[in-house]
Amino acid sequence: MTTFHGRGIVAGVVEGEALVSHETISGFGGIDPATGRIIEPRHELFDVSFSDKILVFPGAKGSSGWSGFFQSTRLLGTAPRAMVFNVMTTKAVLGAIVTRVPTVVECTPDPTEGIRTGDWVRVDADNGVVTVLRRAEAAGDTRGPRGQERENE
Amino acid sequence: MYLTDEEKSMRDGDEGSAVAAAMDLLIRYGEALGAERLCETRNVAGTMTQPSPAKAKLVREGGWAKSFAVINLDCDDDIEIPRMKVPTCQLQHGFSDDAQGLTSYPESSIVLQGDAESYFSERGVNILATCTPYQVGNIPTRNEHCAWMESSAVVYCNSVLGARTNCEGGASTGAASLTGRIPYWGNHVPENRYGTHHIAAGVPLDGFQEWGMFGYFVGDVVQEERPVITGDIRLPDLADLKHFGAATATAGGVEIYHIPGITPEAPTLEAAFGGAPVPERLVYGEAERRAVYETLNNQGESTDVDFILLGCPHASLDQLERIARRLDGKKINADTELWVMTPRAIRIMADRSGYTAAIERAGGKVLTDSCPAMSKAAPDGTRVMATDSAKQVHYLPAILGIEGWFGTLDECVDAAITGTWRGELAA
């Protein structure tokens with residue numbers, strides 16, 4: 001069992017399937033709140049849905065609309081189930097708060113390295129702990145299309 | 001997080017339930033950031049009026065008070081919204097009535113936004129309706145604590161004006177407008193404003209396109225960090241720095257940069273790093289310049305351009321003059337549309353100066369309040385767009401699923417007249 005220790009910033013405890021982005025995520029122009037998908041063509045998770053997933057990513061980039069776009073995913077029912085990120089920005093922190101999903105930040109070791117897409121993960125934001133409960137059976141199968149390319153690079 | 005007695009009193013509801021909700025959000029936000037305290041602000045730039053599907057639903061349920069409570073305060077209670085406590089402006093939002101009929105942007109959204117303008121201006125919100133508040137009268141003083149949204153405005157505010165703001169969002173600016181407070185964190189703290197990276201231009205930075213490409217490179221390299229720029233710099237004007245900052249905040253998340261000798265917090269290279277050792281410089285040379293150009297142009301195949309977009313970020317009066325001069329006496333191709341986005345206050349000056357008339361005689365449009373990326377709308381049937389903005393070419397093709405070209409103003413005007421994209425990177 002792999003465990004990551006950080007700081008919970010939005011309380012709650014959930015389990016779910018991880019979706020891991022190694023690249024930062026843009027809100028405005030980066031996601032579609034109506035479908036919960038990444039829409040930035042150059043992104044490694046292009047066209048992949050984060051809806052109801054444990055979204056593990058480095059942090060936010062781009063427009064200040066970030067928090068508003070993720071808030072919209074909550075209002076439209078496409079929000080991720082939890083968030084785990086390490087790069088502290090006002091965009092991502094405010095985004096997590098208004099998305100109202102359990103969120104753990106500043107974890108060691110780096111969760112984007114230690115967690116793989118498809119892993120079954122427990123996010124305990126009350127105690128700031130993220131745990132991989134079960135590894136994805138075949139990491140490649142559940143990755144986004146670009147994620148597979150990354151493995152072959 | 002430490003709270004003053006006045007802040008505790010706001011939290012406890014002494015100034016009403018909306019102010020209490022605002023303080024509650026600021027406390028949750030400040031503690032999540034790890035801020036030690038809040039600071040006072042009298043300059044808020046946020047967004048309340050921009051229509052969205054989620055907002056339209058909230059307005060149907062409980063009017064603009066409901067929308068503001070949920071979206072701008074993260075509060076589900078039914079509360080009354082008082083007058084803004086400190087000066088607050090509305091940034092860019094959706095298309096206004098000047099764009100009516102030009103796109104399939106819904107008329108219902110234009111009406112909804114007009115309704116929002118009435119509601120929020122009655123509560124003291126200044127409807128600047130631009131991504132460039134600093135071009136139309138909101139120019140914070142040096143070291144002033146601000147609570148601004150809009151990444152391109154934030155980076156301009158910190159870097160060029162030397163005021164202090166983080167890249168805020170709809171909820172934190174809403175809460176700041178009712179309390180006059182924002183977390184004292186990040187760019188508000190002097191030690192966090194010094195440079196972290198040293199990037200030198202090895203090619204001449206002369207003109208709007210070069211500054212935009214360089215910004216895109218810098219943002220990609222430093223991501224959220226704080227670049228210090230040296231090298232072959234020709235004195236940039238407002239538009240150059242506006243484009244540069246917008247591009248750094250598009251390819252990355254830059255909120256502050258320094259240019260020794262030009263921006264106010266960097267009288268010297270050493271000062272830009274706060275006396276810490278100056279890092280080894282990374283050089284932006286011809287190969288890097290070409291790579292950025294190719295990245296920005298890898299979303300185009302067809303050279304049959306049907307839409308030219310200028311004014312991202314919103315055009316200054318000088319830029320409108322440059323566009324008008326190039327279009328004066330010319331005719332835009334029948335199959336091509338050309339739009340220039342600008343704040344309404346500048347549009348009025350452009351009307352008086354004859355620039356609007358020159359652009360319109362050629363067949364172009366001068367539009368206000370928004371842009372195609374914000375409103376997710378271009379002229380109907382647009383398949384291929386071209387722009388002189390690194391930010392717009394990054395976002396718009398992704399948002400609308402169209403092709404995009406990036407070039408100089410001259411190339412964009414040429415494409416508008418001929419209907420054909422003939423841009424190439426100047427040697």
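Provide a single number: the residues in the stretch B:114-151 that are under 19 Å from the mean Cα position of the chain (by Cα), assigned to a helix (DSSP H, G or I) and closer than 18 Å to B:A345 by Cβ.
Within the stretch B:114-151, residues that are under 19 Å from the mean Cα position of the chain (by Cα), assigned to a helix (DSSP H, G or I) and closer than 18 Å to B:A345 by Cβ number 3.
May I ask you to list pairs of residues, at least six apart or on different chains, whose Cβ atoms are under 6 Å apart, with the first in the stretch B:156-170 being within 7 Å of chain A (Cβ to nearest Cβ) and under 13 Å from B:P183 (Cα atoms) and the second being polar (S, T, N, Q) and buried (at least 24 other Cβ atoms within 10 Å of the Cβ)?
B:N166/A:T90; B:C167/A:S64; B:C167/A:T90; B:C167/B:S151; B:G169/A:S64; B:G169/A:S67
I need the full set of residues from the stretch B:25-55 which are away from chain A (no Cβ under 11 Å) and farther than 24 Å from B:P133 by Cβ, in order please.
B:E36, B:R37, listed by residue number.
Of these, B:I27, B:I71, B:I81, which one is under 19 Å from A:W66 (Cα atoms) and in contact (Cβ under 8 Å) with a residue 24 or more places away in the chain?
Working: B:I27 fails: under 19 Å from A:W66 (Cα atoms); B:I81 fails: under 19 Å from A:W66 (Cα atoms).
Just a single option satisfies the conditions, and that option is B:I71.
Could we say that B:Y395 is modelled with pLDDT of 95 or more, within 19 Å of B:H314 (Cα to Cα), of a type in the set (S, T, Y) and out of contact with any strand residue (DSSP E or B) (no Cβ under 7 Å at 6 or more places or on another chain) here?
Against the criterion (modelled with pLDDT of 95 or more, within 19 Å of B:H314 (Cα to Cα), of a type in the set (S, T, Y) and out of contact with any strand residue (DSSP E or B) (no Cβ under 7 Å at 6 or more places or on another chain)), B:Y395 does not qualify.
Do we find that B:G114 is among the small types (G, A, S) and more than 14 Å from chain A (Cβ to nearest Cβ) in this structure? Please lay out each step first, then the result.
On the way: among the small types (G, A, S): yes; more than 14 Å from chain A (Cβ to nearest Cβ): yes.
Criteria met by B:G114.
Here is a check on your reading of the model: is B:A266 in contact with a helix residue (DSSP H, G or I) (Cβ under 8 Å, 6 or more places away or on another chain), touching a residue at least 12 places away in the same chain (Cβ under 8 Å), closer than 21 Å to B:Y216 by Cβ and among the aliphatic types (A, V, I, L, M)? Spell out how you get there, then give the answer.
Values: in contact with a helix residue (DSSP H, G or I) (Cβ under 8 Å, 6 or more places away or on another chain): yes; touching a residue at least 12 places away in the same chain (Cβ under 8 Å): yes; closer than 21 Å to B:Y216 by Cβ: no; among the aliphatic types (A, V, I, L, M): yes.
The answer is no for B:A266.
Which of the residues that make up the stretch A:62-104 are among the hydrophobic types (A, V, I, L, M, F, W, C), within 8 Å of chain B (Cβ to nearest Cβ) and in a helix (DSSP H, G or I)? Show your work before the answer.
First, pick out the residues of the stretch A:62-104 that are among the hydrophobic types (A, V, I, L, M, F, W, C): A:66, A:69-70, A:75-76, A:79, A:82-85, A:87-88, A:92-94, A:96-98, A:101, A:104.
Okay, now just the ones that are also within 8 Å of chain B (Cβ to nearest Cβ), so A:66, A:75-76, A:87-88, A:93-94, A:96-98.
A:W66, A:L75, A:L76, A:V93, A:L94, A:A96, A:I97, A:V98 - these are the residues of the stretch A:62-104 that are among the hydrophobic types (A, V, I, L, M, F, W, C), within 8 Å of chain B (Cβ to nearest Cβ) and in a helix (DSSP H, G or I).
Please pick out the residue among A:D32, A:D47 that is free of Cβ contacts under 8 Å to residues at least 12 places away in the same chain and over 20 Å from A:R134 (Cβ atoms). Spell out the reasoning first.
On the way: A:D47 fails: free of Cβ contacts under 8 Å to residues at least 12 places away in the same chain.
Selected residue: A:D32, the only one of A:D32, A:D47 that is free of Cβ contacts under 8 Å to residues at least 12 places away in the same chain and over 20 Å from A:R134 (Cβ atoms).
Tell me the residue from B:L58, B:L91 that is within 13 Å of another protein chain (Cβ to nearest Cβ) and either aromatic (F, W, Y) or out of contact with any Asp or Glu (no Cβ under 7 Å at 6 or more places or on another chain) (or both), please. Talk me through it step by step, then tell me what you get.
Working: B:L91 fails: either aromatic (F, W, Y) or out of contact with any Asp or Glu (no Cβ under 7 Å at 6 or more places or on another chain) (or both).
Result of the check over B:L58, B:L91: B:L58.
From the residues in the stretch B:26-78 that are of a type in the set (K, R) and either under 23 Å from B:R181 (Cα atoms) or in contact with a helix residue (DSSP H, G or I) (Cβ under 6 Å, 6 or more places away or on another chain) (or both), which one is surrounded by the most Cβ atoms within 10 Å (Cβ to Cβ)?
Step one: of the stretch B:26-78, the residues of a type in the set (K, R) are B:28, B:37, B:42, B:55, B:57, B:60, B:66.
Those still in the list that are either under 23 Å from B:R181 (Cα atoms) or in contact with a helix residue (DSSP H, G or I) (Cβ under 6 Å, 6 or more places away or on another chain) (or both) too: B:28, B:37, B:42, B:55, B:66.
On the way: B:R28: 20, B:R37: 14, B:R42: 15, B:K55: 26, B:K66: 21.
Checking each candidate, the answer is B:K55.
Being under 27 Å from A:F4 (Cα atoms), within 13 Å of chain B (Cβ to nearest Cβ), over 13 Å from the mean Cα position of the chain (by Cα) and surrounded by fewer than 22 Cβ atoms within 10 Å (Cβ to Cβ) narrows it down to one of A:F46, A:F28, so name that one. Steps first, answer last, please.
On the way: A:F28 fails: under 27 Å from A:F4 (Cα atoms).
Of A:F46, A:F28, the one residue that is under 27 Å from A:F4 (Cα atoms), within 13 Å of chain B (Cβ to nearest Cβ), over 13 Å from the mean Cα position of the chain (by Cα) and surrounded by fewer than 22 Cβ atoms within 10 Å (Cβ to Cβ) is A:F46.
The values are calculated or read from the model by the stated rules, or taken from the named source; none is laboratory data. Keep in mind the model is a prediction, meaning the values are calculated, not measured. Note that we place each Cβ from the backbone using ideal geometry, even for glycine, and neighbour counts take in every protein chain shown.
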